[in-house]
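Trainee: This is the structure, below, for whatever I ask next.
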Amino acid sequence: MPVARRTRLLDVLLTVLVAGVACSWALLTPPFQAPDEPQHLNSVVRLAHGGGWPPPREAAMSLSIREARQEVAYGTDVPGRFADRDDRRQLVDATPVPAAERVRVDADSSQPYGSPTNPADIDQMTQHPPLYYALGAGVLHALGLADGRWDLQLLALRLLDVLLLVPVVPLASWAVRRLTGSAAAGLLAGTFTLFVPQVGHVLGALNNDALVTLVGSVVTALCVRVLTGDGSWRTAVAVGAVVGVGLLTKIMAAFLLPVVALAYLLAPRGARRGAASLLAPAGRVLVMGVTALVVGGWWWVRNLLVLGTVQPVGVEIRLSDLEPEGPVTYVATAWPRLARSFFGDLGWLDVRTPAAFWLTATVVLGALAVVALTTRGLRRSVGTLVALPATLAVAVLANGYGFYAEHGRLTGHQGRYLYAGLLALAVVAAIALWRLAGRDERRAAALVPFVTVAGLTVTCYGLALGFTGFYRGPGESLGEAADRWAAFSPVGAPWLVAVPVLTGVVAVTAVLVGVLHALATRRDARTAPALGRAPVPV
């Protein structure tokens with residue numbers, strides 16, 4: 001089989017594998033046991049039935065979603081919670097309403113119910129623009145679920161988020177190949193999300209970060225085009241339009257803008273020198289920015305004019321104030337939360353991976369970034385890519401500091417806010433591995449099955465942690481936990497078995513094809529020595 005065909009097959013297998021893992025998470029996570037899922041679903045069904053987009057803090061939870069929360073023991077503590085709370089019911093002690101008897105959402109029950117006074121009854125999602133929720137409403141109508149059981153609606157919207165995640169894999173592979181010329185390095189990039197259990201969990205749940213992740217991935221891929229010499233006006237307009245879509249989803253998309261500007265600044269300038277070499281990228285940055293403003297940035301200008309603030313508060317946090325201890329203590333406390341929840345804080349950030357896991361992952365990712373930054377011919381490109389997650393992290397920390405300085409409490413430090421930089425991290429990690437392989441195609445291809453197995457090991461660990469953390473009470477057997485999973489699920493046990501099993505089949509196939517590809521690449525290199533070391537990119 002030719003190299004190109006083997007590579008395409010592995011690209012497809014890795015893409016299907018990532019989709020299967022995320023679908024497994026979509027089935028595994030109990031209903032409403034991912035951050036803000038009740039509110040996200042509430043906003044989708046309200047729009048699906050013509051309920052509009054109320055001002056921030058004025059949207060009440062609908063009657064159907066309030067009843068839905070009760071049906072699946074929302075607010076109880078899962079057995080794997082990092083600390084027990086004596087004043088909370090335990091999920092293992094609750095009996096969910098059978099799936100067939102759960103509430104059906106219709107035009108009447110989907111609308112705001114009463115005047116919200118309790119923060120739990122406020123739908124704070126109207127602090128964001130409505131694009132993601134309009135997309136979700138369209139999906140429910142297309143599937144005939146606008147009038148249907150809420151748990152099936154939730155599952156359909158979780159699978160929508162899986163669909164939004166999937167393009168990260170081929171985009172990462174393409175971006176690495178454009179930068180390095182290495183097919184094997186592109187395959188390495190495709191495995192990245194397997195090493196981050198939180199990606200499958202959060203982007204296999206219902207939240208607007210899935211669309212922001214897709215926007216960030218597409219913008220990153222377009223930045224790679226710019227960094228490899230695409231200075232066309234068409235690309236500048238395309239980048240601006242995609243950023244604009246992100247701005248109609250969430251404010252985090254705004255932090256893509258300085259990174260795009262950096263890409264244009266560091267891009268090859270050909271024969272231009274002096275002022276001309278600066279004016280050309282400046283013009284494209286201007287076009288990109290104006291396009292982003294016209295497509296989606298206007299929403300935030302409107303907020304400033306109408307509400308007096310760019311990002312309105314969705315719900316007031318009612319907690320007693322503590323004494324803040326200054327910026328150094330703030331960063332030292334907030335940064336671990338951000339890093340931990342990037343790699344694996346399941347549920348409502350209460351089923352936590354051990355410190356050794358996320359600390360090791362953070363150190364390894366940082367080391368790979370350093371290696372990639374030393375890759376000759378790619379330093380500018382890698383520096384631009386690293387700037388994206390770094391900018392997002394600084395933005396999250398800076399945004400949280402105001403609340404900390406005023407109230408002494410930490411809030412808003414969730415790793416999913418960095419997922420707009422997910423593709424950038426995948427590309428950087430793959431470039432580092434390619435460099436460690438001596439920029440040699442044979443060695444890089446040999447790494448693919450090993451890296452895939454390592455990623456699958458982390459994936460299985462994350463799924464096992466989720467299964468036991470969500471469903472297995474103290475002293476219970478795995479069978480009892482599986483029965484509880486089936487009781488909470490909107491679909492029958494056959495689906496809960498079939499999806500993970502089929503994903504496992506794809507995983508085994510991907511590893512075997514990866515091994516065959518590595519052997520074939522080694523054999524091809526013996527007959528065509530020029531295949532070995534890739535040329536240094538310009």
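Trainee: Testing ILE251 on (1) of a type outside the set (Asp, Glu); (2) farther than 29 Å from TRP348 by Cα; (3) open to solvent by 10 Å² or more (accessible area, probe 1.4 Å), one condition comes back false. Which one is that?
Mentor: Unmet for ILE251, out of (1) of a type outside the set (Asp, Glu); (2) farther than 29 Å from TRP348 by Cα; (3) open to solvent by 10 Å² or more (accessible area, probe 1.4 Å): (2).
Trainee: Among (1) more than 19 Å from LEU140 (Cα to Cα); (2) without any contact (Cβ under 8 Å) to a residue 40 or more places away in the chain; (3) not in a helix (DSSP H, G or I), there is one condition GLY52 misses while meeting the rest; what is its number?
Mentor: (1)
Trainee: What are the residue pairs meeting all of these: first residue in region 123-143, first residue more than 22 Å from VAL243 (Cα to Cα) and in a helix (DSSP H, G or I), second residue open to solvent by 10 Å² or more (accessible area, probe 1.4 Å) and modelled with pLDDT under 95, Cβ atoms under 7 Å, and 6 or more apart or on different chains?
Mentor: Taking only residues 6 or more apart or on different chains, the pairs are GLN124/VAL315.
Trainee: Taking the conditions exactly as written (surrounded by 18 or more Cβ atoms within 10 Å (Cβ to Cβ), touching a helix residue (DSSP H, G or I) at 6+ places or on another chain (Cβ under 6 Å) and farther than 30 Å from LEU265 by Cβ), does GLY344 satisfy them or not?
Mentor: Judged against the criteria, GLY344 is a match.
Trainee: Working carefully through the options ARG66, ARG57, find the one that is of a type in the set (Lys, Arg), at positive phi and touching a residue at least 12 places away in the same chain (Cβ under 8 Å).
Mentor: Going through ARG66, ARG57 in turn, just one is of a type in the set (Lys, Arg), at positive phi and touching a residue at least 12 places away in the same chain (Cβ under 8 Å): ARG57.
Trainee: Checking PRO30 against (1) part of a helix (DSSP H, G or I); (2) open to solvent by less than 10 Å² (accessible area, probe 1.4 Å), which single condition isn't satisfied?
Mentor: Every condition holds for PRO30 apart from (1).
Trainee: Moving on. Looking at ARG81, ARG46, ARG85, ARG69, can you tell me which residue is of a type in the set (Lys, Arg), outside any helix (DSSP H, G or I) and surrounded by 17 or more Cβ atoms within 10 Å (Cβ to Cβ)? Please lay out each step first, then the result.
Mentor: Values: ARG46 fails: outside any helix (DSSP H, G or I); ARG85 fails: surrounded by 17 or more Cβ atoms within 10 Å (Cβ to Cβ); ARG69 fails: outside any helix (DSSP H, G or I).
The unique qualifying residue is ARG81.
Trainee: Could you look through region 418-466, keep only residues that are within 22 Å of ALA510 (Cβ to Cβ) and of a type in the set (Phe, Trp, Tyr), and pick out the one that is most open to solvent (accessible area, probe 1.4 Å)?
Mentor: Ranking the candidates gives PHE450 first.
Trainee: Now for a separate question. Considering only residues of region 190-215 that are out of contact with any Phe, Trp or Tyr (no Cβ under 9 Å at 6 or more places or on another chain), assigned to a helix (DSSP H, G or I) and open to solvent by less than 10 Å² (accessible area, probe 1.4 Å), which is farthest from ARG416 (Cα to Cα)?
Mentor: GLY190
Trainee: Right, here's the next one. Of the residues in region 266-286, how many are in contact with a helix residue (DSSP H, G or I) (Cβ under 7 Å, 6 or more places away or on another chain) and either modelled with pLDDT of 60 or more or within 16 Å of ALA238 (Cβ to Cβ) (or both)?
Mentor: 6
Trainee: When you go through ARG376, ARG416 one by one, which is the residue that is in a loop (DSSP other than H, G, I, E, B) and among the charged types (D, E, K, R)? Break it down into steps so the answer makes sense when it comes.
Mentor: Numbers: ARG416 fails: in a loop (DSSP other than H, G, I, E, B).
Criteria check complete, one pass: ARG376.
Trainee: Is there any pair with a first residue in region 95-114 that is within 20 Å of ALA137 (Cβ to Cβ) and assigned to a loop (DSSP other than H, G, I, E, B) and a second that is of a type outside the set (D, E, K, R) and open to solvent by 20 Å² or more (accessible area, probe 1.4 Å) whose Cβ atoms are under 7 Å apart and which are 6 or more apart or on different chains, and what are they?
Mentor: That search, which allows pairs on different chains as well, returns ALA107/HIS49; SER109/LEU63; SER110/HIS49; SER110/GLY51; GLN111/HIS49; GLN111/GLY51; TYR113/LEU63.
Trainee: Being of a type outside the set (Val, Ile, Thr), farther than 30 Å from GLY455 by Cα and surrounded by fewer than 21 Cβ atoms within 10 Å (Cβ to Cβ) narrows it down to one of GLY136, GLY148, GLY181, so name that one.
Mentor: None of the others qualify; the one that does is GLY148.
Trainee: May I pose another question? Please verify whether GLN90 is in contact (Cβ under 8 Å) with a residue 40 or more places away in the chain, among the polar types (S, T, N, Q) and surrounded by 22 or more Cβ atoms within 10 Å (Cβ to Cβ), treating the condition exactly as stated.
Mentor: On the way: in contact (Cβ under 8 Å) with a residue 40 or more places away in the chain: yes; among the polar types (S, T, N, Q): yes; surrounded by 22 or more Cβ atoms within 10 Å (Cβ to Cβ): no.
Answer is no for this residue.
Trainee: Here is a follow-up. Open to solvent by 50 Å² or more (accessible area, probe 1.4 Å) and closer than 20 Å to MET125 by Cα, is that true of LEU322?
Mentor: Here the answer is no, as LEU322 does not meet what is asked.
One line per residue, one yes/no per condition, for (1) within 26 Å of GLU406 (Cβ to Cβ); (2) touching a Leu at 6+ places or on another chain (Cβ under 9 Å); (3) of a type in the set (Lys, Arg):
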position: VAL287; (1), (2), (3): no, no, no
position: GLY297; (1), (2), (3): no, yes, no
position: ARG302; (1), (2), (3): no, no, yes
position: THR309; (1), (2), (3): yes, no, no
position: GLY326; (1), (2), (3): yes, no, no
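Trainee: Shifting gears a bit: Can you tell me which residue is nearest to GLY297 (Cα to Cα) among those in region 225-240 that are open to solvent by 20 Å² or more (accessible area, probe 1.4 Å) and of a type in the set (Val, Ile, Thr)?
Mentor: Among those that are open to solvent by 20 Å² or more (accessible area, probe 1.4 Å) and of a type in the set (Val, Ile, Thr), it is VAL237.
The values are calculated or read from the model by the stated rules, or taken from the named source; none is laboratory data. These figures come from a predicted structure and were not determined experimentally. Methodologically, a virtual Cβ is constructed for each residue, glycine included, from the backbone with ideal geometry; neighbour enumeration extends over all protein chains shown. What goes into the accessible areas is simple: the full protein's heavy atoms, side chains included, and nothing from ligands, DNA or RNA. Shrake-Rupley method; radii C 1.70, N 1.55, O 1.52, S 1.80 Å.
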